[in-house]
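See below for the structure under consideration.
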Amino acid sequence: MTWTRRTFIKTVGAAGAGALAGGSALITGCQSPPRYDILITGGFVIDGTGAVAYTGDIGIIGEQIVEIGDLASNGGKRVIDATGMVASPGFIDIHSHTDLSLLVNPRADSKIRQGVTTEVAGQDGGSFAPMTDARLSALQEGYGKRYGVDIIWKDFPGYFNAMEQHKIGVNFTSFVGQGTIRGMVVGNEAVRA
């Protein structure tokens with residue numbers, strides 16, 4: 001293409017023409033820096049709002065999704081082609097029994113590969129906090145020694161701190177098991193609390 005003042009203005013706009021007029025550089029094309037750190041393009045987007053799924057792009061800056069829509073022209077430092085794949089919010093496993101296994105395998109590979117990003121444990125009446133001295137000792141001697149895991153907490157702040165220290169790969173929370181609470185009061189005896 002032969003650049004004339006008219007084609008240049010049409011291509012890059014009046015602001016670009018003003019910049020060229022004031023300088024001596026020859027501009028052969030303008031390309032904006034990528035807008036997103038990561039741009040996921042062409043995925044089948046299920047956004048979690050209940051809206052009908054659609055083909056679209058997802059723009060990410062830092063660790064946050066900042067925009068969803070037709071974004072391919074905005075560019076990304078890293079572009080991931082998701083054509084033929086589903087892009088959706090992470091799934092929540094509301095009945096997980098990874099209470100202690102996350103300390104053995106903190107990456108949670110099997111869950112992450114299924115799209116699970118949040119695990120909820122402590123169902124079925126049992127949880128790993130709060131703990132009596134006897135239960136803590138039993139867990140340390142059993143599970144702790146078997147898998148090389150330091151079980152040193154007795155309450156939920158300590159339990160969650162242990163998960164954080166192991167840098168687990170999913171979000172994690174737990175119910176307080178009613179059986180655990182009962183055990184704190186009367187032990188495992190079949191007596192009235």
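Scanning the stretch 138-179 for residues that are within 21 Å of the chain's Cα centre (by Cα), open to solvent by less than 80 Å² (accessible area, probe 1.4 Å) and free of Cβ contacts under 8 Å to residues at least 40 places away in the same chain, we see that the one that is farthest from THR98 (Cα to Cα) is ASN161.
Among all positions in the stretch 132-153, there is no residue which is in a loop (DSSP other than H, G, I, E, B) and within 30 Å of ALA87 (Cβ to Cβ).
Restricting to the stretch 98-126, what's the tally of residues that are under 27 Å from VAL52 (Cα atoms), of a type outside the set (Val, Ile, Thr) and crowded, with 16+ Cβ neighbours inside 10 Å? Total meeting the criteria: 2. Just checking, does the stretch 103-115 include any residue being within 30 Å of GLY177 (Cα to Cα), modelled with pLDDT of 95 or more and assigned to a strand (DSSP E or B)? Scanning the stretch 103-115 turns up no residue that is within 30 Å of GLY177 (Cα to Cα), modelled with pLDDT of 95 or more and assigned to a strand (DSSP E or B).
Scanning the stretch 127-137 for residues that are surrounded by fewer than 16 Cβ atoms within 10 Å (Cβ to Cβ) and in contact (Cβ under 8 Å) with a residue 40 or more places away in the chain turns up just one, THR132.
In the stretch 57-97, the qualifying residues are those that are among the polar types (S, T, N, Q), touching a residue at least 40 places away in the same chain (Cβ under 8 Å) and open to solvent by less than 80 Å² (accessible area, probe 1.4 Å), and the one that is nearest to ASP37 (Cα to Cα) is ASN74. Annotation note: of ALA51, ALA21, ALA25, the sole residue that is in a helix (DSSP H, G or I) and at pLDDT below 95 is ALA21.
Name the residues in the stretch 60-77 that are more than 28 Å from PHE172 (Cβ to Cβ) and either of a type in the set (A, V, I, L, M) or assigned to a strand (DSSP E or B) (or both), would you?
GLU67, GLY69, LEU71, ALA72, GLY76, LYS77
The values are calculated or read from the model by the stated rules, or taken from the named source; none is laboratory data. Owing to the predicted nature of the structure, the values given are computational and were not obtained by experimental measurement. Positions of Cβ are backbone-derived with ideal geometry, glycine not excepted, and every protein chain shown enters the neighbour counts. Heads up: the accessible areas ignore ligands, DNA and RNA and are worked out on the full protein's heavy atoms, side chains in. Shrake-Rupley method; radii C 1.70, N 1.55, O 1.52, S 1.80 Å.
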